[in-house]
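One structure below.
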Protein chains: 2
Amino acid sequence: MMSVTIKDVAKVANVAPSTVSRVIANNPRISEQTKVKVREAMEQLGYHPNFIARSLANQSTQVIGLVTPGSSDVFFQNPFFPTVLRGLNEGAHEHQYALQLVTGKSEDDIYNGVVQMVQGGRVDGVILLYSKVEDRIVTYLQERNFPFVMIGKPYKMAESITHVDNDNIQAGFDATEFLIGMGHERIAYIGGDKQLVVTVERLQGYKDALAQAGLPYRESYTVHESFLLEGGKDAICALMELPVSDRPTALLVTDDLMSLGVLNTLSELDMTVPEDISMISFNNVLFSEMSRPPLTSVDINIFQLGFEASAQLIKRVEDKSVPHRRVTVPHHIVKRFSTEYVKK
Amino acid sequence: MMSVTIKDVAKVANVAPSTVSRVIANNPRISEQTKVKVREAMEQLGYHPNFIARSLANQSTQVIGLVTPGSSDVFFQNPFFPTVLRGLNEGAHEHQYALQLVTGKSEDDIYNGVVQMVQGGRVDGVILLYSKVEDRIVTYLQERNFPFVMIGKPYKMAESITHVDNDNIQAGFDATEFLIGMGHERIAYIGGDKQLVVTVERLQGYKDALAQAGLPYRESYTVHESFLLEGGKDAICALMELPVSDRPTALLVTDDLMSLGVLNTLSELDMTVPEDISMISFNNVLFSEMSRPPLTSVDINIFQLGFEASAQLIKRVEDKSVPHRRVTVPHHIVKRFSTEYVKK
DNA sequence: TAACATTTTGTAAGCGTAAACAAAATCGCA
DNA sequence: TGCGATTTTGTTTACGCTTACAAAATGTTA
């Protein structure tokens, strides 16, 4: 499958290969006249530049590597993923970058994948779609001084890592305040894995809001479960073991998927939302509005998280000297039908 | 960021660059002795092969291009996507291939993206994650004789296109038969876009099953809507306009997402599933079991679709002469709680 | 041990493009 | 018209690797 090369074009246009190369780059040092001539030849031959050769000469590929958490299987399932991908995609596309996935099953697999990508020169930069405690990949990238950005808040050294994130403390605060504003005083927090920075931060916001309203924080009102469906179930059962008069009148659930589990469990227990108990969720993914009742949810602008991440990374790739920064993507509460004023 | 090259290794190991190259390829014409020597040098220097250079010399990149339908935004949303991606990922990973997304918003964008990828030598092959009528991309790839496989059934020339698909006629048949087996005789078909081959095929299976059972096929029992949520709503409203005694006792819905819409609409109309009406769905994505009631759904093995697609493509890439073939991924009905025997 | 077969390693060209440097063409102005 | 300044184009090397071909080293046999 011998392709048309720059040399073929040069021959047809009767110029040197370098001239053709310059025409492609639209170098101003080539006269309009020959530019036209060369372009005609390109057209005629159906020339398309070879990215690989260009990459080798340039030492740059125009490709961004996407790194998913070790348990990619689970991650892919979360509706967060498609949306953030859409954002990444659009951000990359705007600057003519392509996206490549680091494939791998185990944690080790992924690590090696990243190393190969980076050392192999396959990508110009890398985006981490997660943030976790003690990440070898982060360490590796930092040591090599390789451009990367992270979605979420770095576990440490946040000042020296460009990252895109929500203000999750504020989001937790706002959601809690929203419930308090509806008269709720017994509000439970159902969060995901405590290892995740996001869980901790939203919890902080929750506590802050309680404190500001003069409401007590109770250990028994916070439950941590995995982000999966079952997580929701287990969480709710734990809460329902409390004496009736002590049960929460509202729930703060940090993930829509978990919320769905909670909803189902509640309905099994013959409790209706929002009549018996109010519920505010996070992320506002597609099916927040597909559940019954549709969920009031904190929209964290997932698309934008992805979009900004791409934009920031490309900025770093093209100029390594730009200072590290944090981009905060705004959030807002989308009110639907899972929240109601508390009954007096 | 001058990296360690094959030459550096050669110097340290005191051999020629070509020898190093051969050691990397584990060429049997190199003695074990020098292999060890060279590997030590590689280790010592922290050598990693440069994929780009290798690609250029090899004329192969070990990268697979993934093409989403023009409306990628919508496609990403469908829970089909993450699962098929997981399968693709795993299939590719097994053979050390990476996945690259064709980015683009409009149909034209995507087309150009594919052309660039292909002509630019960025990818060794391409997987189309959809099947549609009159596709320029298919035409283009065929003209260039570029390796590709399709997920779904090609609109035409299916014999000359390697593709991975379910037996959707059979699946439609089985689902319908399942309902008939529960005593249902008035069964409605709610399908997606008629342009999609899959919709047409499942409808065919539905008709076949009715015919075999001696049940009449009625035009008024088939509704076609988009795959989105609202599709489900509109569809159900149309059916509910029929006289009571004529209303279906069971529904066949060709997509889980639509099913969810149907469920919600039904509940708004105070009809309960499966007591008032039974329902069987397709695809069995994550939230088939998250809905209330959990959906009986035809599992089409989405993961496997992806996995096989990768495997088949890689086979073609590595040997262009393998004959085109169709891979049929099996399906099976997962019984949950949305189907019940008809009341006499 | 000579003569040749076989195994192992080295030399060099090429993959398609970019860009530094060199050469040629054009221009302006005296 | 001629000469330097400027614009335009050409020559060549480099990017890091693979591989055909050439050369050297080793082994085999009489």
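The values are calculated or read from the model by the stated rules, or taken from the named source; none is laboratory data. Predicted model only: the values in this text are computed from it and were never measured. In this analysis, Cβ positions are derived from the backbone assuming ideal geometry, glycine residues included, and neighbour counts consider all displayed protein chains. These area figures cover heavy atoms from the full protein model, side chains too; ligands, DNA and RNA do not enter into them. Shrake-Rupley method; radii C 1.70, N 1.55, O 1.52, S 1.80 Å.
Out of everything in segment A:1-26 that is away from DNA strand C (no atom under 11 Å from the Cβ) and of a type in the set (A, V, I, L, M), what residue ends up being least open to solvent (accessible area, probe 1.4 Å)? The qualifying residue least open to solvent (accessible area, probe 1.4 Å) is A:13. No other residue among B:101, B:56 is touching a helix residue (DSSP H, G or I) at 6+ places or on another chain (Cβ under 9 Å) and touching a residue at least 24 places away in the same chain (Cβ under 8 Å) apart from B:101.
Select the strands (runs of 3 or more DSSP E) contained entirely in segment B:222-337, then report the ones holding at least 2 residues which are open to solvent by 10 Å² or more (accessible area, probe 1.4 Å) and among the aliphatic types (A, V, I, L, M). Of the strands (runs of 3 or more DSSP E) lying wholly inside segment B:222-337, those with at least 2 residues that are open to solvent by 10 Å² or more (accessible area, probe 1.4 Å) and among the aliphatic types (A, V, I, L, M) span B:332-334. Among the residues of segment B:43-99, the ones that are touching an Asp or Glu at 6+ places or on another chain (Cβ under 7 Å) and within 16 Å of DNA strand D (Cβ to nearest atom) come to 5 in all. Among the numbered criteria (1) within 7 Å of DNA strand D (Cβ to nearest atom); (2) within 14 Å of chain B (Cβ to nearest Cβ); (3) of a type outside the set (S, T, N, Q), which one does residue A:30 miss? With (1) within 7 Å of DNA strand D (Cβ to nearest atom); (2) within 14 Å of chain B (Cβ to nearest Cβ); (3) of a type outside the set (S, T, N, Q) applied to residue A:30, the lone miss is (2).
Does residue B:177 satisfy the condition of being at pLDDT 95 or above and open to solvent by 20 Å² or more (accessible area, probe 1.4 Å)? Criteria met by residue B:177. A single entry from A:266, A:295 fulfils the requirement of being hydrophobic (A, V, I, L, M, F, W, C), farther than 18 Å from residue A:175 by Cα and outside the structural domain of residue A:126 (by TED's automatic domain parsing): A:266.
Screening segment B:42-76 for residues that are open to solvent by 70 Å² or more (accessible area, probe 1.4 Å) and among the charged types (D, E, K, R) and picking the one that is farthest from DNA strand C (Cβ to nearest atom) gives B:43.
Apart from one condition, residue B:310 fits all of (1) closer than 26 Å to residue B:99 by Cβ; (2) in the same structural domain as residue B:190 (by TED's automatic domain parsing); (3) of a type in the set (Ser, Thr, Tyr); the exception is (2).
Under the condition of being within 12 Å of chain B (Cβ to nearest Cβ) and among the acidic types (Asp, Glu), the residues counted in segment A:263-319 number 2. Report, by residue number, each residue of segment B:36-66 that is in a helix (DSSP H, G or I), of a type outside the set (Gly, Ala, Ser) and in contact with a Ser or Thr (Cβ under 9 Å, 6 or more places away or on another chain). B:38, B:51, B:52, B:54, B:56, listed by residue number. The residues of segment A:1-39 that are more than 16 Å from residue A:58 (Cα to Cα) and charged (D, E, K, R), listed by number, are A:7, A:8, A:11, A:29, A:32, A:35, A:37, A:39. Only one entry in A:81, A:75 is in contact with a Ser or Thr (Cβ under 7 Å, 6 or more places away or on another chain) and modelled with pLDDT under 95, namely A:75. For segment B:32-41, taking the residues that are of a type outside the set (Lys, Arg) and without any contact (Cβ under 8 Å) to a residue 24 or more places away in the chain, the one that is nearest to DNA strand C (Cβ to nearest atom) is identified as B:34. Of all the numbered requirements in (1) within 16 Å of DNA strand C (Cβ to nearest atom); (2) open to solvent by less than 50 Å² (accessible area, probe 1.4 Å), residue B:29 misses one, and that requirement is (2). Restricted to segment A:131-142, and to residues there that are more than 23 Å from residue A:318 (Cβ to Cβ) and in contact with a helix residue (DSSP H, G or I) (Cβ under 7 Å, 6 or more places away or on another chain), the residue that is nearest to the other protein chains (Cβ to nearest Cβ) is A:136.
Taking the criterion of being farther than 30 Å from residue B:117 by Cβ, at pLDDT below 95 and within 14 Å of chain B (Cβ to nearest Cβ), would at least one residue in segment A:143-158 satisfy it? Looking through segment A:143-158, at least one residue is farther than 30 Å from residue B:117 by Cβ, at pLDDT below 95 and within 14 Å of chain B (Cβ to nearest Cβ).
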